[in-house]
Amino acid sequence: MEQHLITDIVITPVAFRDLPLLNTVGVHETYALRAIVEIVTDSGVTGVGETYGDAPHLARLQLAARSLIGVDVFSIGVMRLRIIEALRGDTTVGGHGMSGMVTGSSTPDRVLSPFDVAALDIQGKVVGRPVSDLLGGAVRSEVAFSGYLFYKWAGHPGQADDAWGAAIDPAGIVAQAQRMVTDFGFSALKLKGGVFEPEEEVEAILALRKAFPGHPLRLDPNAAWTVPTSVRVGQALDGVLEYLEDPTPGLAGMAAVRREVPMPLATNMCVVSFDDVAPAVAAGSVDVILSDHHFWGGLRRSQALAGITETFDLGLSMHSNSHLGISLAAMVHLASATPNLDYACDTHWPWKDAAEDVIVPGALGFENGSVRVPTLPGLGVELDRDALARLHEQYLACGLRNRDDTGYMQRIQPDYELVSPRW
Ligand code: GKR
Ligand code: MG
């Protein structure tokens with residue numbers, strides 16, 4: 001039996017330009033950080049993965065990488081055990097890549113994720129099959145995504161306006177949605193809320209409903225509301241939302257809201273690891289779990305989550321953060337091979353400058369809001385070494401080492417306070 005033993009792992013932090021997207025903890029900084037993980041085997045095959053680029057996470061990736069040398073890339077179970085062991089003495093904190101919005105996810109799973117993806121990329125190349133086949137086979141040839149709308153400023157303070165311009169009221173959000181639907185063809189829309197008074201965000205959703213009568217709509221304030229506010233918003237949007245995402249903090253709060261609102265509740269904040277699932281089911285906190293292979297331990301463990309949601313008759317959708325093409329490829333393979341993925345997946349893709357990526361252009365594209373599942377062996381994307389070097393230089397030059405939406409906001413508006421729930 002031929003093995004493919006890991007001989008080298010290279011972790012490269014990169015930065016790509018980001019826009020001033022507002023959320024309930026602040027605003028996106030001028031650059032988003034990611035880490036690109038390359039695994040090399042003794043058979044000369046290379047695989048790639050992508051994850052958060054925050055400094056403490058990079059340190060944990062390095063720790064994990066050292067423990068994986070000599071492991072066969074077909075032994076992802078062994079890789080996981082090695083990573084758990086390598087992180088046992090780790091005392092670093094933070095660096096979850098989410099600016100404080102999600103902190104309870106499992107650290108070993110978050111660290112395992114890019115290695116799992118890179119190992120599957122290699123496995124696919126070795127056997128000559130796409131990653132979707134290794135996950136049980138694609139049940140759909142294209143994966144639908146939702147248009148992810150953000151309140152935003154016209155440009156970063158001190159810089160020229162960006163191409164998207166400002167969106168700080170219902171008219172601005174509708175205009176943004178129109179552009180997204182025209183450019184990408186999305187047939188579902190999600191608004192990142194928790195930024196303005198809840199009533200204003202209800203107005204924005206109602207304006208979207210009027211402008212896009214056939215598009216499923218979602219609203220996600222990242223737990224910015226108390227239980228009574230969440231109930232008020234949920235009832236005001238009866239019949240309008242496909243689901244309401246993380247209106248309020250915690251399993252108990254979500255359960256209380258869920259009893260009083262008519263639409264399903266979804267989460268990527270109160271169920272973020274396998275440990276959270278049983279208490280959430282027992283409390284009746286959510287209807288839909290938003291999976292995310294970046295913190296659920298990679299593609300295989302995300303499939304385990306899909307089995308759990310099926311068992312408990314929960315819905316399954318997919319969360320995103322600012323990301324590059326390797327992550328998009330991984331998301332598409334996973335989604336294609338997950339029969340019970342019931343909703344269009346989230347993606348931050350439109351917010352990225354199309355010219356900035358670490359993969360050779362052309363492998364992934366949006367048509368009618370969907371991405372065709374790559375059919376080449378592995379992930380079906382190729383690392384562009386010049387682009388990787390450029391984005392790494394950008395990382396070194398930009399000076400950012402952690403995602404800090406709140407700190408950036410406070411530099412711009414010194415009286416800005418982090419409050420949860422805010423309304
Ligand atoms: O990019 O500001 C953002 C989002 O708020 C992101 O960080 C969240 O993790 O998209 C995410 C969500 O659905 O909560
Ligand atoms: Mg969310």
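The values are calculated or read from the model by the stated rules, or taken from the named source; none is laboratory data. In this text, all values refer to a predicted model and were calculated from it rather than measured experimentally. Counting neighbours? That spans all protein chains shown, and the Cβs are built from the backbone with ideal geometry, glycine included.
Can you spot a residue in segment 116-126 that is surrounded by 21 or more Cβ atoms within 10 Å (Cβ to Cβ) and closer than 30 Å to THR406 by Cβ?
Yes.
Could you tell me which numbered condition ILE289 fails, if it satisfies all but one of (1) of a type in the set (A, V, I, L, M, F, W, C); (2) in contact with an Asp or Glu (Cβ under 7 Å, 6 or more places away or on another chain); (3) surrounded by 24 or more Cβ atoms within 10 Å (Cβ to Cβ)?
Only one criterion in (1) of a type in the set (A, V, I, L, M, F, W, C); (2) in contact with an Asp or Glu (Cβ under 7 Å, 6 or more places away or on another chain); (3) surrounded by 24 or more Cβ atoms within 10 Å (Cβ to Cβ) is unmet by ILE289, namely (2).
So GLY165 ticks every box in (1) surrounded by 21 or more Cβ atoms within 10 Å (Cβ to Cβ); (2) on the phi > 0 side of the Ramachandran plot but one. Which box is left unticked?
(1) is the only condition that GLY165 fails.
For VAL202, only one of the following conditions fails: (1) buried (at least 18 other Cβ atoms within 10 Å of the Cβ); (2) assigned to a loop (DSSP other than H, G, I, E, B); (3) over 20 Å from the mean Cα position of the chain (by Cα). What is its number?
(2)
Determine, yes or no, whether GLY95 is in contact (Cβ under 8 Å) with a residue 12 or more places away in the chain, in a loop (DSSP other than H, G, I, E, B) and crowded, with 16+ Cβ neighbours inside 10 Å.
Criteria met by GLY95.
Kindly establish whether SER105 is within 15 Å of LEU400 (Cβ to Cβ), at pLDDT below 95 and either surrounded by 21 or more Cβ atoms within 10 Å (Cβ to Cβ) or within 16 Å of ligand 1 (Cβ to nearest atom) (or both).
No; evaluated as a whole, the condition is false for this residue.
Considering every residue within segment 289-304, establish whether at least one is closer than 22 Å to MET331 by Cα, within 16 Å of ligand 1 (Cβ to nearest atom) and more than 14 Å from the chain's Cα centre (by Cα).
Among the residues of segment 289-304, not one is closer than 22 Å to MET331 by Cα, within 16 Å of ligand 1 (Cβ to nearest atom) and more than 14 Å from the chain's Cα centre (by Cα), which makes the answer no.
Condition test on VAL381, is it assigned to a strand (DSSP E or B), touching a residue at least 40 places away in the same chain (Cβ under 8 Å) and of a type outside the set (Lys, Arg)?
no
Could you please give the count of residues in segment 213-263 that are within 16 Å of ligand 2 (Cβ to nearest atom), in contact with a Phe, Trp or Tyr (Cβ under 6 Å, 6 or more places away or on another chain) and not in a loop (DSSP other than H, G, I, E, B)?
Of the residues in that region, 1 qualify.
It is to be established whether one or more residues within segment 153-171 are polar (S, T, N, Q), within 30 Å of VAL373 (Cβ to Cβ), in contact (Cβ under 8 Å) with a residue 24 or more places away in the chain and out of contact with any strand residue (DSSP E or B) (no Cβ under 8 Å at 6 or more places or on another chain).
Narrowing segment 153-171 to residues polar (S, T, N, Q): 159.
Among the residues that remain, those that are also within 30 Å of VAL373 (Cβ to Cβ) are: none.
Taking every residue of segment 153-171 in turn, none turns out to be polar (S, T, N, Q), within 30 Å of VAL373 (Cβ to Cβ), in contact (Cβ under 8 Å) with a residue 24 or more places away in the chain and out of contact with any strand residue (DSSP E or B) (no Cβ under 8 Å at 6 or more places or on another chain).
I'm trying to understand the selection: among the residues of segment 256-288, which are more than 12 Å from ligand 1 (Cβ to nearest atom) and either hydroxyl-bearing (Ser, Thr, Tyr) or modelled with pLDDT under 95 (or both)?
Selection gives SER273, SER285.
Give the residue that is nearest to ligand 2 (Cβ to nearest atom), with candidates limited to residues of segment 1-23 that are more than 30 Å from THR406 (Cβ to Cβ), of a type outside the set (Ser, Thr, Tyr) and out of contact with any helix residue (DSSP H, G or I) (no Cβ under 7 Å at 6 or more places or on another chain).
VAL10
ASN340 - would you say it is within 12 Å of ligand 1 (Cβ to nearest atom) and touching a Gly at 6+ places or on another chain (Cβ under 9 Å)?
No.
Checking the condition crowded, with 19+ Cβ neighbours inside 10 Å, under 21 Å from ASP292 (Cα atoms) and in contact with a Cys (Cβ under 9 Å, 6 or more places away or on another chain), which residue from ALA223, ALA266, ALA188 passes?
ALA223
Residue check, LYS210 against (1) surrounded by fewer than 20 Cβ atoms within 10 Å (Cβ to Cβ); (2) not in a helix (DSSP H, G or I), all met but one. Which one?
Only one criterion in (1) surrounded by fewer than 20 Cβ atoms within 10 Å (Cβ to Cβ); (2) not in a helix (DSSP H, G or I) is unmet by LYS210, namely (2).
From the set of residues in segment 155-199 that are assigned to a loop (DSSP other than H, G, I, E, B) and within 16 Å of ligand 2 (Cβ to nearest atom), which is farthest from GLN413 (Cα to Cα)?
ALA188
Checking ALA389 against (1) loosely packed, with under 14 Cβ neighbours inside 10 Å; (2) within 30 Å of ILE308 (Cα to Cα), only one condition comes out false. Which one?
Of the numbered conditions (1) loosely packed, with under 14 Cβ neighbours inside 10 Å; (2) within 30 Å of ILE308 (Cα to Cα), the odd one out for ALA389 is (2).
Find the residue count for segment 234-255, including only residues that are closer than 21 Å to LEU208 by Cα, out of contact with any Ser or Thr (no Cβ under 6 Å at 6 or more places or on another chain) and within 16 Å of ligand 1 (Cβ to nearest atom).
Narrowing segment 234-255 to residues closer than 21 Å to LEU208 by Cα: 234-247.
Cutting the leftovers down to out of contact with any Ser or Thr (no Cβ under 6 Å at 6 or more places or on another chain) gives us 234-245.
This time we only want the ones that are within 16 Å of ligand 1 (Cβ to nearest atom), so: 241-245.
Residues in segment 234-255 being closer than 21 Å to LEU208 by Cα, out of contact with any Ser or Thr (no Cβ under 6 Å at 6 or more places or on another chain) and within 16 Å of ligand 1 (Cβ to nearest atom): 5 in total.
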